[in-house]
Amino acid sequence: MFPTQFTGASFTWERKKLGILTTRVRSYSFSRSVEVKEETGVKYVHYGDIHTSVANEIGKNNNLPFINETYKESDELKLDDVIVADASEDYKGIADAAVIIDNLPYTIIAGLHTIALRPTSLIKGYFLYYIFKTENFKRFGYKIGTGLKVFGISYNNLAKYKVYYPQEIEEQEKIIGILSNLTNSINLHEDYLQFLHDFKSFLLQKIVFR
């Protein structure tokens, strides 16, 4: 059995609709055609980048593309904002999410087929990011997703989702820390496993061509 409690847990949790816990930030319908190679000081999050994990936990070192388009300053994304993909080619990818985890040295805005959310003082965006990965939320997405070949989710439907969360921000941060550490550990082990596979292939090639 895995431990499900930690020291200092209050067990005082509450349930509220996502629309109460967040405010919406404007998304722009910029397609891939606006991307440029030079550094313009402005990046964007395209829904395809969320699905391919180019955008997940967005820090200073990311591979998001620069763009050369006009936007309103009030639409700039900030630390702890969450960006949700509102379209997917399968139900599994409905409402895949990304979160901004650093103060970025450039401007970033939400792009095509995304819903950008700014958490209120009641909840951490990073906590919401993990909520969007839960089976409970995915089942919600299956129920409200629409479309035949491309499945979509609207902001109005997304805002109805009832989030179960600790009232204490400190407790949310502890949960975020535990999950982030586990993610980092998994990534390290996956990298090492890939190294072993590559090394094995290298040795086999050497044996064959001797």
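The values are calculated or read from the model by the stated rules, or taken from the named source; none is laboratory data. None of these values were measured; they are calculated from a predicted model. FYI the Cβ positions are ideal-geometry reconstructions off the backbone, even for glycines, and counts take in every protein chain you see.
Restricting the search to strands (runs of 3 or more DSSP E) fully inside region 7-61 and requiring at least 2 residues that are in the same structural domain as TYR161 (by TED's automatic domain parsing) and over 28 Å from LEU122 (Cβ atoms) gives 42-45. Output the number of the condition that SER74 fails; it satisfies all remaining conditions of (1) assigned to a helix (DSSP H, G or I); (2) within 14 Å of the chain's Cα centre (by Cα). Here SER74 clears every test but (2).
Report, ordered by the first and then the second residue, all pairs with beta carbons closer than 8 Å, sequence separation of six or more or different chains, a first member in region 187-204 that is without any contact (Cβ under 8 Å) to a residue 40 or more places away in the chain, and a second member that is surrounded by 10 or more Cβ atoms within 10 Å (Cβ to Cβ) and among the β-branched types (Val, Ile, Thr). Filtered contacts from region 187-204: no entries.
Restricting the search to helices (runs of 4 or more DSSP H) fully inside region 131-210 and requiring at least 1 residues that are touching a Phe, Trp or Tyr at 6+ places or on another chain (Cβ under 7 Å) and farther than 24 Å from THR114 by Cα gives 169-208.
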